[in-house]
1. Of the conditions (1) of a type outside the set (Ser, Thr, Tyr); (2) in contact with a Lys or Arg (Cβ under 8 Å, 6 or more places away or on another chain); (3) away from the ligand (no atom under 16 Å from the Cβ), Ala256 fails just one. Which one is it?
2. Would you confirm whether or not the range 310-331 contains a residue that is touching a strand residue (DSSP E or B) at 6+ places or on another chain (Cβ under 9 Å) and either part of a helix (DSSP H, G or I) or under 18 Å from Gln248 (Cα atoms) (or both)?
3. Hand me the list of strands (runs of 3 or more DSSP E) wholly inside the range 89-159 holding 2 or more residues that are within 16 Å of the ligand (Cβ to nearest atom) and buried (at least 20 other Cβ atoms within 10 Å of the Cβ).
4. Quickly run through the range 33-65 and pick out the residues that are in a helix (DSSP H, G or I) and crowded, with 23+ Cβ neighbours inside 10 Å.
5. Tell me whether the range 122-140 contains one or more residues that are at pLDDT 95 or above and within 15 Å of His217 (Cα to Cα).
6. Which members of the range 355-369 meet the condition of being near the ligand (Cβ under 9 Å from one of its atoms) and aliphatic (A, V, I, L, M)?
Amino acid sequence: MFFELNETQRLVQQAARSYAQKTLAPIAAGIDREGRFPREQLLELAELGLMGVNVPEEYGGAAAGAVAYSLAMMEIAQGCASTSVAMAVNNMVAETIVRFGTEAQKRKYVPEITSGRFEAASYGLSEPQGGSDAAALRTTARKDGSGWVLNGSKQWITSGDRAGVIVVWARSGDAGSKGISCFLVEPGLPGLHVGKHEDKMGLRGSTTVSLAFDDVHLKGSALMGAPGEGFVIAMTALDGGRIGIASQAVGIGTAALDAAVRYARERQAFGQPIANYQAIRFMLADVATELDAARLLALRAAALKEAGHRFTREASMAKLFASEKANRASDIAVQVHGGYGYIDEFPAERHYRDARVTTIYEGTSEVQRLVIAREILKD
Ligand SMILES: Cc1cc2nc3c(=O)[nH]c(=O)nc-3n(C[C@H](O)[C@H](O)[C@H](O)COP(=O)(O)OP(=O)(O)OC[C@H]3O[C@@H](n4cnc5c(N)ncnc54)[C@H](O)[C@@H]3O)c2cc1C
């Protein structure tokens, strides 16, 4: 086992940490309160190379690898969870196009994402009637001469109103996972309607919208991968995406722990700081231990990915564990703050709201358990 970061990983981590602590952390409460999309901050992250951490340099990426990406995500999420979710989706979409796109698709879209010229990129898989059972999606893609016509709707699309490109999955063939194809859709096409912003519990600086496709005509060149290959593309993207969300959860949980530690040192009860009480110390010790374990799971999945090994099981384990422990960390942070944990004068309640979705998106905890069990039983 080798636990040292290499030079590149250390530099990426330092750059992300410095930006997160100096620039993001002081404005995160304002971004949340005002529900402000962090456009300027995302552009600055692009300038730091964080919109394509694991993307080759020829497409504008930093080519720093999956471990560096995980480290960067932990830092940025610790500074501002809303900003980190847009960063996570942008990186996932850029990597997916690099992996499955044609050379023309890569050259057209990936540098726009990594440079920040696109405000964002989106991943359009979930639909109103279901997210977990993605193979049952109903949006259709009908062949029309050399092109395609999309009809249907998508739900919960992160940055869907801001995206320069949206990866959309639609049914081009029979029922089931083999009848799904994947398309690169540009905004503003006739028939593509962006729905209202969801009024979310947390991640309030990130936009989440529905998309309606009403006879949206696409050129043949919009197809990514082969017809029927869409489900494989979606699941491959999600494997990597789950490392991102595990890392995001570690970041949010760490921010919650830091807030709890700060408060426990300052707050006096019965004539001494509450940090002196064993009940508080044990809670902090448990949270610190769980977050460290989550960090290691995320980095192991990233290291396997970087080495070219299979990492589906490990990515799901990391996502399951990190998201559940981030929820516990932020719950405990609220508890340590007492009544002050319940008001927005302190960051604990924001971390609690931001952490909540990590057990839901990119596959719920239940779906992660299904994936892990399937992988174990397969072996
Ligand atoms: C803020 C936010 C941002 C999102 N961003 C995106 C995005 O950018 N792109 C995108 O495509 N999607 C996105 N999503 C959608 C997200 O991935 C889905 O919400 C998630 O996959 C769950 O799908 P669902 O909401 O339809 O719940 P359902 O699938 O209806 O599940 C409801 C409940 O049933 C459980 N369940 C379902 N099937 C099983 C089973 N077989 N066994 C046991 N339990 C089961 C689930 O775990 C859950 O508890 C986002 C969601 C949110 C909230």
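1. Against the list (1) of a type outside the set (Ser, Thr, Tyr); (2) in contact with a Lys or Arg (Cβ under 8 Å, 6 or more places away or on another chain); (3) away from the ligand (no atom under 16 Å from the Cβ), Ala256 comes up short only on (2).
2. Applying the first criterion (touching a strand residue (DSSP E or B) at 6+ places or on another chain (Cβ under 9 Å)) to the range 310-331 yields none.
No, the range 310-331 contains no residue that is touching a strand residue (DSSP E or B) at 6+ places or on another chain (Cβ under 9 Å) and either part of a helix (DSSP H, G or I) or under 18 Å from Gln248 (Cα atoms) (or both).
3. Values: elements: 120-124, 140-144, 147-158.
By residue number, 120-124, 147-158.
4. Within the range 33-65, the subset in a helix (DSSP H, G or I) is 33-34, 39-47, 57-59.
The answer is Gln41, Leu45.
5. Yes; the residues of the range 122-140 include at least one that is at pLDDT 95 or above and within 15 Å of His217 (Cα to Cα).
6. Of everything in the range 355-369, those that are near the ligand (Cβ under 9 Å from one of its atoms) and aliphatic (A, V, I, L, M) turn out to be Val357, Ile360, Val367.
For (1) free of Cβ contacts under 8 Å to residues at least 40 places away in the same chain; (2) hydroxyl-bearing (Ser, Thr, Tyr), each residue gets a yes or a no:
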position	(1), (2)
Arg10	yes, no
Ser18	yes, yes
Gln21	no, no
Phe37	no, no
Leu42	no, no
Val53	no, no
Ala62	no, no
Ser70	no, yes
Met73	no, no
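Quick grid of which residues meet (1) closer than 20 Å to Phe118 by Cβ; (2) hydrophobic (A, V, I, L, M, F, W, C); (3) touching a Pro at 6+ places or on another chain (Cβ under 7 Å):
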position: Phe3; (1), (2), (3): no, yes, no
position: Glu7; (1), (2), (3): no, no, no
position: Val12; (1), (2), (3): no, yes, no
position: Ala20; (1), (2), (3): no, yes, no
position: Ala25; (1), (2), (3): no, yes, no
position: Ala29; (1), (2), (3): no, yes, yes
position: Leu42; (1), (2), (3): yes, yes, no
position: Leu50; (1), (2), (3): yes, yes, no
position: Glu57; (1), (2), (3): yes, no, no
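The values are calculated or read from the model by the stated rules, or taken from the named source; none is laboratory data. What you see is a predicted model, and the numbers here were worked out from it, not measured in a lab. Positions of Cβ are backbone-derived with ideal geometry, glycine not excepted, and every protein chain shown enters the neighbour counts.
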